[in-house]
Amino acid sequence: MTTTMAGSRVGALAKVEVRRYATHPVFLVGAALWAVTTAIGVHNAKDDVYAPPMSAAVFLGLFGVVVGFRLTRSLERAAEAVDVVPASLQERVGALLLAALLPGALGLVSAVVCLTVPDAAGDWAYGTWSGGERAAIVVAMAAGSALGGPLLGVMSARWLRFPGAVVVPVVAVSAWGIVGNGWTANNQDSLGWLLVRLFSPFAFFTTLDTDPGKPHAVESWRGNPWFFLLWVLLLCAFAAVVALLKDAEGATAASLRRALVVVVVLALASFALAVVTGPDHASISSSTGTSRL
């Protein structure tokens, strides 16, 4: 009975938090930029079909870190949340975590659009990936980032208690992604950079080569897209559990700690499988064919 009542409270609060999220200025600006840049990206994606999901990662994911952080910090001041129904801070944080499903859903829409709308210049533009693997890559880039960003923001707000702390997760995620993917472009078969790239919550599996005087070509990098997608989703679960662990007590804290152990074990297993399975070398594809890098 108590569990049912708590679930009902969280459900009622989640509706409030979704409205708060949907009307937050940073989300509104990010959503507008996401819609415009995605539309432009899919219209122009002839040989760079993996670029359009970046819009969701940046404008829903990174912007979502800020939204999730700010909304979490404002929970105690949110009279609309308190007035709906008596609820603990844990329940209100849980409701805010559920509100992250809004940008996550937009990210999923983005993934579907990016997979179905672009008119590729040829099969070579997809690299060496199958249709299912392409779906895993794009869903991880767009939907995974759009969901994970807000969850990371909530988790960071719960645990980082110094001025300007919102900058830390934004810079950390951006820097890790830029360094990991950037250096992989020059070390495509390096195991070290494969580990760095896939340990990030965002990873490219291809890059477009536009060398002057040569036909455009797509590099396909190492890694298993399906296990990487699972890794990203488990990182989302990790952020949610860690956010709820803050100030948790008694049986709730014990349950969350057990859940955290399970999530960490599964996440590390997924990461390991993403590294050791899939192609064992990088390849390059163009209108003239595919070869090993």
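Read-outs: derived from the displayed coordinates by stated rules, not from any lab. Note that the structure is predicted; figures quoted are calculated from it, not measured. A quick note on method: Cβ atoms are made from the backbone with ideal geometry, for glycine too, and the neighbour counts reach across all protein chains shown.
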Computed from these coordinates, which is mean projected area of the Cα convex hull in nm²: [x] 16.0; [y] 17.2; [z] 14.4? [x]
Connecting every pair of Cα atoms under 10 Å apart in the chain and solving the GNM, the largest mean-square fluctuation among V29, V49, V139 falls on V29
Surrounding net charge for L102, when Lys and Arg each add one and Asp and Glu each subtract one, Cβ distance under 13 Å: +2
Within the stretch 210-246, list the residues whose amide N lies under 17 Å from a label point set 7 Å along Cα→Cβ of D280. 221-224
In the chain, whole DSSP H helices that both stretch 18 Å or further along their axis by alpha carbon positions and average at least -1.0 on the Kyte-Doolittle scale are 2-22, 25-44, 101-116, 145-159, 167-184, 225-245, 250-276
Where trypsin sites (Lys or Arg not before Pro) fall in DSSP loop in the stretch 114-175, at most 12 other Cβ within 10 Å: R161
Lys/Arg +1, Asp/Glu -1 at C-beta; the chain dipole; positive extreme among L62, A217, N44: L62
Mean separation of Cα contacts under 8 Å (at least 6 apart) over the residue count of the chain, i.e. the relative contact order in percent, is 21
